[in-house]
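Scroll down for the structure; my scribbles are underneath it.
Read-outs: derived from the displayed coordinates by stated rules, not from any lab. Quick caveat: nothing in here was measured; it's all calculated off a predicted structure. Reconstructed Cβ throughout: ideal geometry from the backbone, glycine too, with neighbour counts over all protein chains shown.
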Amino acid sequence: MRFILRFFKRIYFFNAIRRILSASRYFNKKYFQILQWGFTSNEYTNFTYYLTPGNVQYLAQTLAVVTNVDFTTIMNYIYEVESDEELKSAIISAINQSPEGRYADKEVRFGRRLGWYAMVRILKPKVVIETGIDKGLGSIILCAALLRNKKEGFDGRYYGTDINPKAGYLLSGKYKEVGEVLYGDSIESLKKFDKKIDLFINDSDHSEDYEYQEYCTIKDMLGDKAVILGDNAHCTTKLSEFSFETGRKFLLFHEEPLNFWYPGAAIGFSFKAEN
Ligand SMILES: C[S@@+](CC[C@H](N)C(=O)[O-])C[C@H]1O[C@@H](n2cnc3c(N)ncnc32)[C@H](O)[C@@H]1O
């Protein structure tokens, strides 16, 4: 038997097949997950998923480096939103009331937005901008963080931008009190914006040029300790380049979705060294 195996190993074709089968083991599970998701989810864009526990830990460690805040405090902010049943109910109720509610997934999966939430809790920003809001999952989680800050005496306001007039329906109820949506082209809305920005999240038109133009548009509106989060940083290097050009630091956190086929997006962090 061993002789036969050794014989096949020496034949180039069989050896290649053996190696291909061995490498494909890393991906086969993904095909099963795709199949399962195909029949159980109704999402067709802007996929949502949970992160693995280890990945959440790495997210908190990255935030600790960016903000100079200790790891435990950041993990507590993450637990805070993960266990916020009122927020989750508000999201499910907004989904149910939306035109696509009948078919939409009824599970709240924040993914990397946990990092956005923690960043608002850490920075206590007066002004947060998110460009590109889609249904408004980012909008509502960011406003939830602003409401918690408000309870602690730190007022802040959220501004979302979107070209789609139907975007943002998840931003509802009490969460809407601290946030609003500026409808129209994001860069046009940013040009008219007249407040200092403390936290800027880029997630609109994902072409390289547009992303870079957004950063250039807000460059002089950034507060002293402002942080930029790029949602496109796993696809382009524009935030890294902008950071280099403007004397800012850059770090990338990559998502690891839990039991999900999508390889994950990222958060690019652009920040001042003294944060
Ligand atoms: C990936 S989605 C945003 C997801 C959202 N940030 C979230 O947390 O779920 C991108 C959004 O950008 C919007 N968009 C695309 N081009 C835009 C533009 N030029 N100006 C404003 N919004 C734009 C789209 O309508 C879409 O809703």
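Table for the structure above
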{"item": "Rounded to the nearest 20 debye, dipole of the range 49-271 from Cβ charges on Lys, Arg, Asp, Glu", "result": "600"}
{"item": "Point-to-point label distance, I163-N259, nm (Cα→Cβ direction, 7 Å offset)", "result": "3.8"}
{"item": "Rel. contact order, % - alpha carbon contacts under 8 angstrom, at least six apart, the range 49-271", "result": "19"}
{"item": "C-alpha long axis of helix 113-123 to longest principal axis of the chain, angle in °", "result": "40"}
{"item": "Rh by Kirkwood over Cα pairs, then Stokes-Einstein D for the range 49-271 at 1.002 mPa s and 20 °C, µm²/s", "result": "123"}
{"item": "Alpha-carbon centroid distance for the pair the range 64-79 / the range 199-251, whole angstrom", "result": "22"}
{"item": "Mean Cβ count within 10 Å, highest first, over the residues of peptides 125-135, 87-97", "result": "125-135, 87-97"}
{"item": "For the chain, share of DSSP beta bridges that run antiparallel, in % to the nearest 5", "result": "35"}
{"item": "Listed residue (G156, V128, W116) projecting farthest to the positive dipole end of the range 49-271, Cβ model", "result": "G156"}
{"item": "Tilt relative to the chain, helix 137-151 - C-alpha long axis, 0 to 90 degrees, to 10", "result": "50"}
{"item": "Loop-located chymotrypsin sites (Phe, Trp or Tyr not before Pro) in the range 25-66 whose Cβ has at most 15 other Cβ within 10 Å (DSSP)", "result": "Y44"}
{"item": "Loop sites in the range 141-183: trypsin sites (Lys or Arg not before Pro), DSSP, at most 14 other Cβ within 10 Å", "result": "K166"}
{"item": "Net +/- balance of residues flanking T48 in space, Cβ distance below 13 Å, scoring K and R +1, D and E -1", "result": "+1"}
{"item": "Tilt relative to the chain, helix 12-40 - C-alpha long axis, 0 to 90 degrees, to 10", "result": "40"}
{"item": "Cut-off 9 Å between beta-carbons: net charge of the residues surrounding G264, Lys and Arg +1, Asp and Glu -1", "result": "-1"}
{"item": "Sequence-separation-based contact order of the range 1-124, relative, with Cα cut under 8 Å and 6+ spacing, percent", "result": "30"}
